[in-house]
Amino acid sequence: MIPDTCKKSRELVGFPGFSRSCIFIERDGMSRLNFTLEKTASGSKARAAHFDTLHGRVHTPVFMPVGTQATVKSQTIESLRSSGARVLLVNTYHLLLRPGPEVFRKLGGIHRFMDWDGPVLTDSGGFQIFSLPHSREMNEEGALFQSYVDGKVHLLSPESSIGMQKAIGSDIMMVLDQCIPSTASYEQAAAAMELTHRWAKRSLTARGDSLQALFGIVQGACHAQLRQESAAFLRELPFDGLAIGGLAVGETHEERYAFTDLTTSHLPEHLPRYLMGVGTPIDLLEAVNSGVDMFDCIIPSQQAQRGLAFTSQGKLQLRRSVYKFSEAPLDSQCDCIACTRYTRAYLHHLAKTEETLGWHLLGLHNMTFYHRLMRGMRESILRDDFVTFYREKKTELLRNDEEHPGKAPKKSKKRSTHLGDYEIISSAQGYSSIRQISSGEVMHSVNDPAEEARRLYVEQSALAARLSDGQTPQELVIWDVGLGAATNAMAALSCAEQVLATTAEAQMRPLRILSFENDLDPLRLAARYPGSFPHLRHPAPGDLLKQQRWTHPSGLIQWELYVGDFLDFLEKSLCPDLIFYDPFSYKTDAGLWTTDVFTRIYAHCQPKTAELYTYTVSTAVRVAMLRAGFWVAEGIGTGPKSATTLAFTRPEGAAQHPSAPRLLGQDWLQKWHRSSSKLPPGLSEAERKEAERAIEGHGQFGNIGDIGE
């Protein structure tokens, strides 16, 4: 129901299916869409919402198929409806040139022209002008360009763009903007942004009292300050929604994710957010996680023409001969006509012969896949389990990228799964790990690496609660000893980003991660295969490898890399609050598990209360920690591991820890006395006795009742 206070009766001309006296949706004199935010997911910026257009209600997140010239390539209106499409996008630039505004004025607008009764969004033509660098001229007035149809010269200005969109009769119009490469310099990006802002004001004036909604477009390329300035400027104007433009035009995936997330942090909650021209299924998932509501892209149709299908098993290239005799459906979890009536063998045949029917069927399937993905995200947000959906779906959407390449196998090169002394291995459970060839040691050998990092280090240290503690302004410092494939550091970084998404910046405690590693080959190797190591689909690891540091656009999360021997950096580094201690085992990397090393760590942390977390339960390691002065406790089990180890520089650390870990007590001490290898080999008799006295006289054994079990 639309509240009476949000209804106004207005004259409406040129919109088939609406009487001249119609319902015009408006809120407080501003929004023509009556946007309603239904739910924001816990632990994410993902949103479920709805808004009302002149041609019906739209539920978000929503994907809009691209019907550039009043048609979605290879699809009919009926097939679009059957796929789940609710909103279509058409292009002002192309429709201006052919068939022209007079056709739409005579025939009553786009809906009647193409027999589509749902909402339509028109893009302004700015991107198409950007795509014609050699046949257009930009100035304050607009873009002067030569028609590819008849060679005539046209001026596309904010006023003429809005005029054409009015003639088309779309439900949502876009302002004319100047789109430039996302890699443009700061000066170029600033000039384009300022011109876009001036054009935005002119577009609003040109819109007048039209019933069509109008979106502004945030620009600024890959410059955080400009993105913030653009969002701040546009949110003060009476737009019905705001779009993020200037992405998917040259930047990396990681940069796209980072700047999308940055921009949404500066957009108002009460308006829809639209990421223009993006993208792949994983792009959509990441952007919804960052708080985007609307998307468009040609990928579902474009990739179908090339024989590629998005499925619940990952991307499948139907031109591959492996499908020539396959009687299996394209996707057993899909109910579209391509999956329920035809085999992979037939679709392979159509793709190989480049028959139009193959393009149609694969395009229909891809559209259905996209719309089902959007529905799944919306439902998970409303159930408030989007974070779980995100983790599971992220793995699914990345699956088989290497096994099902977009090109025929004979034209592609298989990348090596070896680098230096390391190789990638895959488990029967479906996750991948890095193994050192010379020693045979596997990083995170018995559990899913991402899951182990999350449980052992992030959850056990109560990192999210510490970061959301607005009463502690000092930055929290993590030592990540043994970077490896960056699994632990990225688990901490992801946790911090989730906290930032749900906490006001002023209430979040800053985080600094210091990673120590003497061999970067494991990270370089894993970074080649983001499909096998999903945690690396983020801008941070790439920046870390290139520049030895990464900073979140908010400035609240920093990650620094120290390449070389950890012991050379130990006393020179900031004193940590948390230590994620994850070198190779005592057998392979004995030099980092000695009493001397832990003594240096303990001394450097004084008088601060610091906590050390590690995967090992080795008696020799626990003895080394106790001799160094640490208070040692038993940590949680992870997967097959029954326990891990925690160590505290001060006794109150254990007592105040959120999980109340059990300090090693008399039972452990008695087992240690019976052990045949209770001390490191090579000690003299005097050193052995001194070591035994240090353990037996440790405060956690002598005052066990005071500290608690």
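The values are calculated or read from the model by the stated rules, or taken from the named source; none is laboratory data. Here the structure is a predicted model, which means the values were calculated and not measured. FYI the Cβ positions are ideal-geometry reconstructions off the backbone, even for glycines, and counts take in every protein chain you see.
Quickly run through the stretch 641-660 and pick out the residues that are touching a strand residue (DSSP E or B) at 6+ places or on another chain (Cβ under 8 Å) and assigned to a helix (DSSP H, G or I). Passing the criteria: Pro651, Gly653, Ala654. Per the conditions (1) small (Gly, Ala, Ser); (2) farther than 21 Å from Phe580 by Cβ; (3) at pLDDT 90 or above, the sole criterion not satisfied by Ser677 is (3). Scanning the stretch 542-555 for residues that are within 18 Å of the chain's Cα centre (by Cα) and not small (Gly, Ala, Ser), we see that the one that is nearest to Leu520 (Cα to Cα) is Leu544. Of everything in the stretch 176-185, what is closer than 22 Å to Pro272 by Cα and within 27 Å of the chain's Cα centre (by Cα)? Give them in sequence order. Asp177, Gln178, Cys179, listed by residue number. If you scan the stretch 60-78, which residues turn out to be in contact with a Leu (Cβ under 9 Å, 6 or more places away or on another chain) and either outside any loop (DSSP other than H, G, I, E, B) or not assigned by TED's automatic domain parsing to the domain that holds Gly118 (or both)? Within the stretch 60-78, Phe63, Met64, Pro65, Val66 meet the criteria.
Of the residues that sit in the stretch 674-683 and are without any contact (Cβ under 8 Å) to a residue 24 or more places away in the chain and more than 16 Å from Thr594 (Cα to Cα), which one is surrounded by the fewest Cβ atoms within 10 Å (Cβ to Cβ)?
Applying the filter and picking the extreme gives Ser676.
Here Arg435 clears all of (1) among the charged types (D, E, K, R); (2) within 30 Å of Gln317 (Cβ to Cβ); (3) modelled with pLDDT under 90 except the condition numbered (3). For the stretch 243-264, a residue qualifies if it is under 18 Å from Thr60 (Cα atoms), out of contact with any helix residue (DSSP H, G or I) (no Cβ under 6 Å at 6 or more places or on another chain) and not in a helix (DSSP H, G or I), and exactly one does: Ala243.
Within the stretch 317-330, the presence of at least one residue that is touching a residue at least 12 places away in the same chain (Cβ under 8 Å), over 30 Å from Gln219 (Cβ atoms), touching a strand residue (DSSP E or B) at 6+ places or on another chain (Cβ under 9 Å) and acidic (Asp, Glu) is confirmed. When restricted to residues that are hydrophobic (A, V, I, L, M, F, W, C) and under 10 Å from Val623 (Cβ atoms), the stretch 678-701 contains 4.
Only one of (1) over 19 Å from Glu236 (Cα atoms); (2) out of contact with any strand residue (DSSP E or B) (no Cβ under 9 Å at 6 or more places or on another chain) is not met by Arg202, so which one is it? Single failed check for Arg202: (1).
Identify the residue in the stretch 24-60 that is among the acidic types (Asp, Glu) and at pLDDT 95 or above and, among all such residues, is farthest from His266 (Cα to Cα). The selected residue is Asp52. Note on the stretch 422-484: enclosed strands (runs of 3 or more DSSP E) holding 3 or more residues that are among the β-branched types (Val, Ile, Thr) are 476-481. Given the condition touching a helix residue (DSSP H, G or I) at 6+ places or on another chain (Cβ under 7 Å), in the same structural domain as Val58 (by TED's automatic domain parsing) and modelled with pLDDT under 85, answer yes or no: does some residue in the stretch 113-127 qualify? There is at least one residue in the stretch 113-127 that is touching a helix residue (DSSP H, G or I) at 6+ places or on another chain (Cβ under 7 Å), in the same structural domain as Val58 (by TED's automatic domain parsing) and modelled with pLDDT under 85. Among the residues of the stretch 176-184, are any surrounded by fewer than 16 Cβ atoms within 10 Å (Cβ to Cβ), over 20 Å from Asn91 (Cα atoms) and modelled with pLDDT of 95 or more? So far as the stretch 176-184 goes, no, none of its residues is surrounded by fewer than 16 Cβ atoms within 10 Å (Cβ to Cβ), over 20 Å from Asn91 (Cα atoms) and modelled with pLDDT of 95 or more.
Taken over the stretch 86-121, the residue count meeting the criterion of being over 37 Å from the mean Cα position of the chain (by Cα) and of a type in the set (Phe, Trp, Tyr) is 2.
In the set Arg105, Arg57, Arg81, which member is under 30 Å from Val153 (Cα atoms) and either outside any loop (DSSP other than H, G, I, E, B) or not assigned by TED's automatic domain parsing to the domain that holds Glu379 (or both)?
It is Arg105.
Quick check on the stretch 128-142. Is at least one of its residues surrounded by fewer than 22 Cβ atoms within 10 Å (Cβ to Cβ), modelled with pLDDT under 95 and more than 30 Å from Glu255 (Cα to Cα)? There is at least one residue in the stretch 128-142 that is surrounded by fewer than 22 Cβ atoms within 10 Å (Cβ to Cβ), modelled with pLDDT under 95 and more than 30 Å from Glu255 (Cα to Cα).
Taking the stretch 613-640 as the range and being in contact (Cβ under 8 Å) with a residue 40 or more places away in the chain, closer than 19 Å to Val481 by Cα and assigned to a loop (DSSP other than H, G, I, E, B) as the test, only Tyr615 passes. Assigned by TED's automatic domain parsing to the domain that holds Leu578, surrounded by fewer than 23 Cβ atoms within 10 Å (Cβ to Cβ), in contact with a Leu (Cβ under 6 Å, 6 or more places away or on another chain) and under 24 Å from Lys572 (Cβ atoms) - does that describe any residue in the stretch 480-497? No, the stretch 480-497 has no match at all. Scanning the stretch 128-144 for residues that are in contact (Cβ under 8 Å) with a residue 60 or more places away in the chain and either in a loop (DSSP other than H, G, I, E, B) or under 36 Å from the mean Cα position of the chain (by Cα) (or both) turns up at least one hit. Here the stretch 55-86 is the region considered, the condition is being touching a residue at least 40 places away in the same chain (Cβ under 8 Å) and aliphatic (A, V, I, L, M), and the residue that is surrounded by the most Cβ atoms within 10 Å (Cβ to Cβ) is Val72.
For the stretch 63-99, enumerate the residues that are at negative phi and among the polar types (S, T, N, Q). Those that are at negative phi and among the polar types (S, T, N, Q): Thr68, Gln69, Thr71, Gln75, Thr76, Ser79, Ser82, Ser83, Asn91, Thr92.
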